[in-house]
1. Diagonalise the Cα gyration tensor of the range 76-219 and give the resulting equivalent ellipsoid semi-axes, square root of 5 times each eigenvalue, largest first, whole Å.
2. How would you order 94-106, 51-63 from highest to lowest mean count of nearby Cβ atoms within 10 Å?
3. Report, as a whole number in µm² per second, the diffusion coefficient that Stokes-Einstein gives for the range 230-297 at 4 °C and 1.567 mPa s using the Kirkwood radius over alpha carbon pairs.
4. Report the charge-dipole magnitude of the range 76-219 in Debye, nearest 20, computed about the Cα centre from +1 at each Lys and Arg Cβ and -1 at each Asp and Glu Cβ.
5. May I ask for the Kirkwood hydrodynamic radius of the range 1-61, worked out over all distinct Cα pairs and given in angstroms to one decimal?
6. As a test of the formula, what do you get for the chain when each DSSP H run with n ≥ 4 contributes -39,500 (n - 2.57) and the sum is divided by the residue count, at 222 nm and rounded to the nearest 500 deg cm²/dmol?
7. Just to confirm my understanding: which cysteines in the chain have no other cysteine beta carbon less than 4.7 Å from their beta carbon?
8. What does the extension gain come out to for Glu288 and Lys149, with contour length at 0.36 nm per residue minus their alpha carbon separation?
Amino acid sequence: MQEEGIIISNASNTYVVEDIKSNEILKCNARGKFKEQGTSLTVGDYVEYEVIDSEKKEGVINTVKDRKSYIKRPKIANLTQIILVISMKMPKPDLLMLDKQLVFAELNGIKPIICLNKIDLEDEQYIQSIASVYRKIGYDVYETNANEKIGIDGIRNILQGNITAFSGNSGVGKSTLINAIFGEDTTKQGVISQKNKRGKNTTTSTYLYKIDETTYLADTPGFSTFDVNEIEIEELYKYFIEFVEYEKDCEFIGCTHVKEESCGIKKAVSEGKISKERYDRFCKIYSELKEREARKW
Ligand SMILES: Nc1nc2c(ncn2[C@@H]2O[C@H](COP(=O)(O)OP(=O)(O)O)[C@@H](O)[C@H]2O)c(=O)[nH]1
Ligand SMILES: [Mg+2]
Ligand SMILES: [Zn+2]
């Protein structure tokens, strides 16, 4: 009988599959045809499997469903959203990193959500100066104090029906946020934060945690080694989504939006339609890509 499940973890050729309906967990192998087709299954894949040994809880995966998204590093399929966490202080906001991660999410067709954490450590005006830039673009921005569980309900609600990952530099408060959302009980039982003997968080491979039939949380080693390498330099501006509508006003085909004088995007910056800071960070990422290209030769 064919059953439906999702791969929640993976070590070499063994896939841990959780049944969508019964929550039963089985160790599965994949049919040889996947290898022949060059399909590598991964955490997040929705699969059809059959039970081979119900005592030992072993099965075999027969088919894999089309993926909604796929990220190579860390390897994960079907993420629908990434919550990009930055802290207002300690560590101070890394907006270059935030913009890179926004590019990364847009490139992969995954919805980015911004979470400004540690709002207790900065004044309102400063927080709004950051929030407003991103809200104007159309991004959802949440403001939280994870320690005091302030602003947590909003984040909890948007998880519904999604496979979500949290991303952000170390120390910004990801673990504290996850604890605040799920309550200490869940996490203390080791469901979410898997601690090693020294009590350190050891996320070295990717796991999915089920919240309900359509809602999962991905615990990943982190997207901090963000891969700009995959982006074609001339495509970069497309992932600064508020730039796109002004490209038609560029005079030259193949305008880089960096050096040219008669550039529609630069004009929009000078008219205050695009944030100057966002544009400056675009130029910074552009030059990083350029340097990388130069090193290739
Ligand atoms: N003041 C303040 N501290 C926070 C907040 N959220 C987390 N922290 C603290 O920041 C530190 C790092 O948090 P942690 O969740 O481990 O960050 P992670 O590395 O992103 O998982 C801890 O000492 C937390 O108590 C917050 O909203 N306000
Ligand atoms: Mg952590
Ligand atoms: Zn241009």
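1. On the way: eigenvalues 109, 68, 42 Å².
The answer is 23, 18, 14 Å, longest axis first.
2. Highest-to-lowest ranking by the protection proxy: 94-106, 51-63.
3. Values: Rh = 12.3 Å.
It diffuses with D of about 105 µm²/s by this estimate.
4. 560
5. 11.3 Å is the Kirkwood radius here.
6. Values: 7 runs with 84 residues, N = 297.
Taken over the chain, the calculation gives -9000 deg cm²/dmol.
7. Cys28, Cys115, Cys263, Cys283, each lacking another Cys Cβ under 4.7 Å.
8. Gain on extension, Glu288 to Lys149, equals 46.3 nm.
Values in this text are rule-based calculations from the coordinates and carry no lab data. Fair warning: this is a prediction, and the values are worked out from it, not measured in the lab. Note that we place each Cβ from the backbone using ideal geometry, even for glycine, and neighbour counts take in every protein chain shown.
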